[in-house]
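Enquirer: The structure under discussion is supplied below as C-alpha cells; questions concerning it will follow.
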Amino acid sequence: MDRAAMNELGIASLVLMENAGRGATAAICDVFAGRLGRVVLVGGPGQNGGDAWVIARRLTLLGHQPLAVLVGDASRLRRDAKANWALLEKLGVDTVEVSPERAASIGEHLTDATLIVDGLFGTGLDRAITGGYADAIAAMDGAAAPLVALDLPSGLDADTGAIFGVAPHAALTVTFAGHKRGLHQYPGVEHAGEVRVADIGIPGGSPPAASLWAGDDLSTLIAPRAGDAHKGTNGHLLVIGGAPGKTGAAVLAGRAAFRAGAGLVTIGARADARAALEEKVIELMTTALPEQADQAAVEDLCKGKRAVVLGPGMGLDELGAAWARAVAQHAPVPTVIDADGLTHIAEDGLAALKGAAAPRILTPHPGEAARLLGQSTAEVQANRYAAADALAEKSGQVVILKGARSIIAGAGELRVCAEGTPALGVAGTGDVLSGVVGALGMTLVPIDAAIAGALLHALAGVEASVGDRGLIASEVADAVPVVLARHRGH
C-alpha cells in the first residue's frame with residue numbers, strides 16, 4: 001500500500017511518515033496526557049525509527065522535552081528517517097546514539113522516563129531478534145514507564161502474532177493505515193495492548209482479505225423481529241447428537257439455539273440415549289433417529305427444519321459415524337458441524353464436503369483443526385489465519401476456527417472476532433456456540449451466521465462471567481438474549 005501510494009499516486013514518502021508521526025502523537029497525547037513530562041523514544045536505523053523522530057519533534061513543538069534514542073549509527077540513516085533525525089538536532093531536541101553492541105545501556109535513559117515509545121522495528125521483520133537489539137527490547141519491557149509501540153511492538157510477526165524471540169508488552173499500539181493481523185491473534189494480543197489505527201493518507205483500495213469484527217457490528221447482522229413473528233416464522237432447528245453419557249452436549253446446543261432466537265428445536269436422538277434425554281428436556285422436543293443412516297432418512301428428518309446442528313455428543317462409535325457422514329453429505333438445509341461430527345469428517349477428508357447438499361459451517365477447535373488438516377495442534381496455532389483459510393479452501397465451506405480471537409473463513413475472506421474472555425475455556429461452551437450459530441443460520445448467509453454467532457457467544461461469555469474463570473456453559477447460553485437486546489439492529 002505504501003509503494004502504491006508513492007509510485008502510482010505520487011504521494012511523497014516523507015508525507016506518509018509525517019502523517020504517521022502526527023497520528024501517533026495525537027493518540028499518545030490522548031491516552032497519556034498526564035505522562036508527557038519525559039517521553040523517551042527508542043528508534044532503530046530504519047524507517048520505523050523515522051516515525052519516532054517525527055513524534056519527538058511534534059512533542060517538542062507542543063512544549064514537551066522528549067529524548068530521542070537511536071540504537072544505531074546516525075551516519076548510516078537513510079531517506080526520510082535521516083531527514084527527520086536531522087530536524088531534531090536543528091530544533092535542539094535531546095538525542096542520544098547508542099551502538100547496537102551497547103544497546104543494553106539504554107536502560108539508564110529509561111530510568112526517569114514517564115513514557116516510552118518503541119520505534120525499533122516495524123512490519124518488515126522476518127527473523128529472530130538477537131544481540132543488542134534484543135537487549136534494548138528487554139530494557140524497554142523492564143522499565144517502569146508504560147510503552148507505546150509504533151505500528152507493531154518490535155519483534156511481533158505482523159502476519160501471525162508470533163514473537164520473533166523477544167517483544168515488549170505495549171500499553172498502546174498505534175498502527176498505521178490499517179490493523180495488522182498479528183495484533184489480533186495470541187500471543188500478539190498480549191503484547192499489543194490497546195490498538196488504535198492512525199490514518200496516514202493512503203487511499204483505500206480493494207477490501208482487505210481479513211477484517212476485524214466487534215460487538216457493535218452485530219447491529220449490522222441481526223435485525224429486529226417483526227411484531228407478528230411466531231415460532232413457525234422463527235424457524236425449526238434440528239440438533240443431531242447426544243450419545244449415552246453425552247446427552248448434555250445436545251441439550252446445551254438446543255438451549256443456546258432457543259436463546260439465540262430459534263422458534264422450535266428438536267433433538268434427533270439415538271435410541272440408546274433418548275430416554276436419558278427425555279428426563280433433561282422441557283422446551284426441547286426429541287425424535288428417534290432411524291436405524292438406517294441413509295439419504296432418505298436424513299431428508300425425512302429434515303422436513304420442516306430450517307437448519308441442523310450435527311455432532312454435539314454424537315458419539316465416536318459406528319452408529320455415530322454413520323449418522324455424521326450421512327447428515328454431513330445429505331442434509332438439504334444449512335448444517336453446523338461440531339465436535340464428534342468433525343472427528344468423523346476428518347476420517348473421510350474435508351474434500352468430501354464440497355459435494356454436500358447445502359451449505360455447511362464447521363466449528364473446530366485447534367485440535368480438531370489439526371486432525372482435519374493432518375497437522376499438529378502447534379502448527380495450527382502457529383499460524384491460525386493460514387489454518388482457517390486452508391480449512392475453508394479444502395472443504396469449500398465456512399469455518400469457525402475456535403479459540404481466543406476466533407477466525408471465520410470462507411470464500412477467500414477472513415473475519416476475526418475481537419471479543420471474548422478466558423472464562424469461556426470450559427466444557428460445553430463449544431456446544432453453546434454451535435447452537436447459537438445454528439439458530440442464526442436459519443436466517444443469515446453462512447459467513448454472517450458464523451461471525452454473528454462467534455460475537456454473540458463471546459459477548460455472552462463476558463456478560464455471564466465474573467473474572468477469568470468459574471463460568472459454566474449454560475450461563476453462556478442464558479446470557480445470549482441480554483447481548484442480543486443490547487446489540488441488535490434497529
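Enquirer: Please give the FRET efficiency for Ala4 paired with Ser75, using the beta carbon to beta carbon distance and R0 = 41 Å, rounded to the nearest 0.05.
Expert: 0.85
Enquirer: Evaluate the charge dipole of region 2-205 about its Cα centre and quote only its size in Debye, nearest 20, assuming +1 on the Cβ of each Lys and Arg and -1 on the Cβ of each Asp and Glu.
Expert: My answer is approximately 360 debye.
Enquirer: Continuing with this model, one more query. Going by how many other Cβ atoms sit within 10 Å of their own, how do Ser406, Ser105, Ser434 line up, fewest first?
Expert: With the sparsest Cβ surroundings first, the list reads Ser105, Ser406, Ser434.
Enquirer: State which stretch of the chain is the longest one without any exposed trypsin sites (Lys or Arg not before Pro), exposure meaning a DSSP loop state and at most 10 other Cβ atoms within 10 Å.
Expert: With trypsin sites (Lys or Arg not before Pro) excluded where exposed in loops, the chain gives 304-490 as its longest stretch.
Enquirer: Sticking with this structure for a sec: List the lysines whose Cα lies under 17 Å from the Cα of Lys246, skipping any in the same chain that are fewer than 8 positions away.
Expert: Lys280
Enquirer: Starting with the fewest neighbours, write out Thr443, Thr173, Thr429 ranked by other beta-carbon atoms found within 10 Å of each beta-carbon.
Expert: In order of increasing Cβ crowding within 10 Å: Thr443, Thr429, Thr173.
Enquirer: Another question about this same structure. Specify the inter-centroid distance of region 443-470 and region 1-29, based on alpha-carbon positions, in whole Å.
Expert: 36 Å
Enquirer: Using a 10 Å cut-off around each Cβ, can you sort Met314, Met140 from fewest to most neighbouring Cβ atoms?
Expert: Going from sparsest to densest Cβ surroundings: Met140, Met314.
Enquirer: Excluding residues fewer than 8 places away in the same chain, name every one of the lysines whose C-alpha is closer than 19 Å to that of Lys394.
Expert: Lys354, Lys402
Enquirer: When we measure straight from the Cα of Lys305, which lysines land under 20 angstrom away, once same-chain ones fewer than 8 places off are left out?
Expert: Of all the lysines, those that pass the test against Lys305 - Cα under 20 Å, at least 8 places apart if same chain - are Lys231.
Enquirer: So how far, in whole Å, is the C-alpha centre of region 335-362 from the one of region 219-266?
Expert: 20 Å
Enquirer: Roughly how many nanometres apart are two label points built 7 Å out from the Cα toward the Cβ at Glu291 and Leu14?
Expert: Computed distance between label sites Glu291 and Leu14 equals 8.6 nm.
Every number in this text was worked out from the coordinates using simple rules, so none of it is lab data. The model shown is predicted, which means the values in this text are computed figures rather than measured ones. FYI the Cβ positions are ideal-geometry reconstructions off the backbone, even for glycines, and counts take in every protein chain you see.
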